[in-house]
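Following: one structure in structure tokens, then a few remarks.
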Amino acid sequence: MAEDLRQISSQMAMLERQAEALKQNLDYLRSHLNDLLVAKETISSIKTAQSDQQMLFPIGGGCYAFGTLTDMEKVIVNIGSDIAVKENIDKSLELMDKRINEARELVNQTSSSYSEVQQRMQALDQRGRQLMQQAQQQRSSSQQQQQ
């Protein structure tokens with residue numbers, strides 16, 4: 001029984017580390033998804049803006065800057081590996097939609113994995129409690145037999 005409790009304790013520690021890593025990843029993915037949604041909203045507002053119209057541009061950290069667009073046809077989009085290209089607005093919006101869908105899928109997958117780990121931790125915790133209760137009952141019955 002003591003060996004079972006040690007195994008449960010070891011498995012629980014491993015699952016706690018795994019859960020923490022998944023939670024951090026989930027937090028990052030949600031933040032990334034939010035950034036993508038803000039980018040899409042900004043690109044959409046550029047598409048509908050009028051020439052010389054003053055706009056608010058997100059600069060990160062919940063901060064915005066006032067600005068006037070000089071090119072309402074294209075935006076610069078990072079395509080990966082620190083490479084950015086000029087794309088037209090519609091193509092940029094398509095790219096943002098694709099990235100948003102990918103990010104949502106990753107959030108869902110990671111959230112599902114996190115839930116599975118939480119369930120496994122609960123099952124181990126319950127099994128550990130059962131073993132502890134059995135050990136206490138065995139001690140109580142052996143003490144009663146000695147008296």
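The values are calculated or read from the model by the stated rules, or taken from the named source; none is laboratory data. In this text, all values refer to a predicted model and were calculated from it rather than measured experimentally. Note that we place each Cβ from the backbone using ideal geometry, even for glycine, and neighbour counts take in every protein chain shown.
From 101, 78, grab the single residue that is assigned to a strand (DSSP E or B) and within 22 Å of the chain's Cα centre (by Cα). Even if it seems obvious, please write down each step before you answer.
On the way: 101 fails: assigned to a strand (DSSP E or B).
Being assigned to a strand (DSSP E or B) and within 22 Å of the chain's Cα centre (by Cα) holds for just one of 101, 78, which is 78.
Name the single residue that is surrounded by the most Cβ atoms within 10 Å (Cβ to Cβ) among those in region 100-117 being over 11 Å from residue 23 (Cα atoms) and in contact (Cβ under 8 Å) with a residue 40 or more places away in the chain.
Here the answer is 103.
Mind checking which pairs have a first residue in region 54-81 that is within 22 Å of residue 32 (Cβ to Cβ) and a second that is surrounded by 10 or more Cβ atoms within 10 Å (Cβ to Cβ) and acidic (Asp, Glu), Cβ under 8 Å, 6 or more apart or different chains?
75/87; 76/87; 77/87
Which one of these is in contact with a strand residue (DSSP E or B) (Cβ under 8 Å, 6 or more places away or on another chain) and either touching a residue at least 40 places away in the same chain (Cβ under 8 Å) or not in a helix (DSSP H, G or I) (or both): 8, 43? Step through it out loud before you land on a result.
Working: 8 fails: in contact with a strand residue (DSSP E or B) (Cβ under 8 Å, 6 or more places away or on another chain).
Testing whether each residue is in contact with a strand residue (DSSP E or B) (Cβ under 8 Å, 6 or more places away or on another chain) and either touching a residue at least 40 places away in the same chain (Cβ under 8 Å) or not in a helix (DSSP H, G or I) (or both) leaves just 43.
Of everything in region 34-60 that's surrounded by 11 or more Cβ atoms within 10 Å (Cβ to Cβ) and small (Gly, Ala, Ser), which residue is farthest from the chain's Cα centre (by Cα)? Steps first, answer last, please.
Let us first name the residues in region 34-60 that are surrounded by 11 or more Cβ atoms within 10 Å (Cβ to Cβ), namely 34-47, 49, 53, 55-58.
Then drop every residue that is not small (Gly, Ala, Ser), which leaves 39, 44-45, 49.
Numbers: 39: 18, 44: 25, 45: 27, 49: 33 Å.
Per the criteria, the residue is 49.
I need the full set of residues from region 70-89 which are out of contact with any Asp or Glu (no Cβ under 8 Å at 6 or more places or on another chain), surrounded by 14 or more Cβ atoms within 10 Å (Cβ to Cβ) and farther than 17 Å from residue 99 by Cα, in order please.
Correct list: 72 only.
Looking at 30, 6, can you tell me which residue is exposed (fewer than 12 other Cβ atoms within 10 Å of the Cβ) and of a type in the set (Lys, Arg)? Don't jump to the end; show me each part of the working.
Details: 30 fails: exposed (fewer than 12 other Cβ atoms within 10 Å of the Cβ).
Criteria check complete, one pass: 6.
Within 20 Å of residue 29 (Cα to Cα) and either modelled with pLDDT of 95 or more or of a type in the set (A, V, I, L, M, F, W, C) (or both): which single residue out of 100, 89 fits that description?
Just one listed residue meets the conditions, 100.
All but one of (1) under 24 Å from the mean Cα position of the chain (by Cα); (2) surrounded by 12 or more Cβ atoms within 10 Å (Cβ to Cβ); (3) not basic (Lys, Arg) hold for residue 63; state the number of the condition that does not hold.
It is condition (2) that residue 63 fails.
Somewhere in region 21-31, is a residue over 23 Å from residue 96 (Cβ atoms) and not in a helix (DSSP H, G or I)? I'd like the intermediate steps shown before the answer.
Taking region 21-31 as the starting set, the residues that turn out to be over 23 Å from residue 96 (Cβ atoms) are 21-24.
Checking the rest, the ones that are also not in a helix (DSSP H, G or I) come to none.
No, the conditions are met nowhere in region 21-31.
State whether one or more residues within region 86-96 are in a helix (DSSP H, G or I), among the hydroxyl-bearing types (Ser, Thr, Tyr) and over 30 Å from residue 128 (Cβ atoms). Reasoning before the result, please.
We begin by selecting, within region 86-96, every residue in a helix (DSSP H, G or I); these are 89-96.
Restricting the remaining residues to those that are among the hydroxyl-bearing types (Ser, Thr, Tyr) gives 92.
Now narrow it down to the ones that are over 30 Å from residue 128 (Cβ atoms): 92.
Yes, region 86-96 contains at least one residue that is in a helix (DSSP H, G or I), among the hydroxyl-bearing types (Ser, Thr, Tyr) and over 30 Å from residue 128 (Cβ atoms).
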